Amino acid sequence: MREPGIHEAVGRPGGGQASNGGQASNGGQEPGGGQEPGGGQLPGGIFRGPEPHLRPRGRLLHPLRRKRSADDGPTAFVFAGGGSRGAAQVGMLEVLVERGITADAVYGVSAGAMNAAAYAGSPDAAGVEYLASVWRSLRREDIFPRGRIATPWRFFQQRESVHPADGLRRVVEGGLAFELIEDARVHLEVVATSLVDGRMQWFDSGPALTRIMASAALPALLPPVSIGEERFIDGGVVDNVPLDRALERGARRVFVLLCGPLRYHPAPYRRPVEAILTAFFIALHASFTRVLASLPPGVEVIVVDVDGQPGSGYDDFSGTEDLIRAGRKNAEAVLDAWASGSN
């Protein structure tokens, strides 16, 4: 029996078929992101579905080549997962808030679920400033404490996870401005992965603490979280960039805040474990790319990314300040390009 506020993910209307025939502005290849007004590569990308009056065989066009639709519709922010690299989303939020861009709904997963909840509770400059202070204060021991046994050996012990959940609980509690998800100032949804059948499970009501912890429960590193009669782990296992959820819920304009690059180019691996991680990241990236390549008519998606490939330093928070600066710089570039194409 499921608790109130738990919703299973459903396919997009029409059986999940691409509404534009799967065509993209760059000929159906991997999203290219476009060019900055000054000629450089845009740190992210701006994508559109066909105009509502066009047939499904329309193409995605960069906004620098098309005017924005007069009917804007609901706006959503999507916060991707990314562990310690989630700090980049703070810089992106700073720019969005400064420019008066607000969300009608936010969707988050893993570290992005924590950032989404912080924004949903305080969607203003003061709230983002507090979130930045939380990220700047984080150290490895706060979430991933070292025990008497060296961390690598703990992977081979008979235990549910390498680290306890106490640290994550304290960090999440410290950043929440509400107890129930439905009490957030902005509509909030977070996703986790069920250990019963592996499905993605969305939460839009109920105790926020347990839902966010479930969404951020990194497999092997943090223990599963029990909600009702089920146990859940990190939502990034099934959907690390939940753009599809925002579209299913009716968003017409979506700002996607990534913690890594839009164009994922796997580095050569030398160890079996690196091969497994590479395959995992390829699968996650391919899922997001497919959604971008099949946007419904009249939908606009603005993606901001940060450089660097996903790494193994899950407990390394030493780059927080650099990530915040990079997120801010990249958001400014992408939003400048977006604004220049809408006039």
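The values are calculated or read from the model by the stated rules, or taken from the named source; none is laboratory data. Because the structure is a prediction, the values reported are computed rather than measured. Only protein heavy atoms, including side chains, enter the accessible area calculation; ligands, DNA and RNA are left aside. Shrake-Rupley method; radii C 1.70, N 1.55, O 1.52, S 1.80 Å.
Residues ARG263, ARG211, sorted by accessible area with the largest first, give ARG263, ARG211 [1.4 Å probe; ligands and nucleic acids excluded]. Ordered from largest to smallest accessible area (heavy atoms of protein chains, 1.4 Å probe), the residues GLU129, GLU141, GLU230 come out as GLU129, GLU141, GLU230. Residue order by solvent-accessible surface for ARG185, ARG253 is ARG185, ARG253, largest first, with ligands and nucleic acids left out and a 1.4 Å probe. Heavy-atom accessible surface of region 179-266, averaged per residue, reaches 33 Å², computed with a 1.4 Å probe. Rolled with a 1.4 Å probe across the full set of protein chains, the surface gives PHE79 an accessible area near 0 Å².
Surface calculation, 1.4 Å probe, protein heavy atoms: HIS265 sits at approximately 110 Å² accessible.
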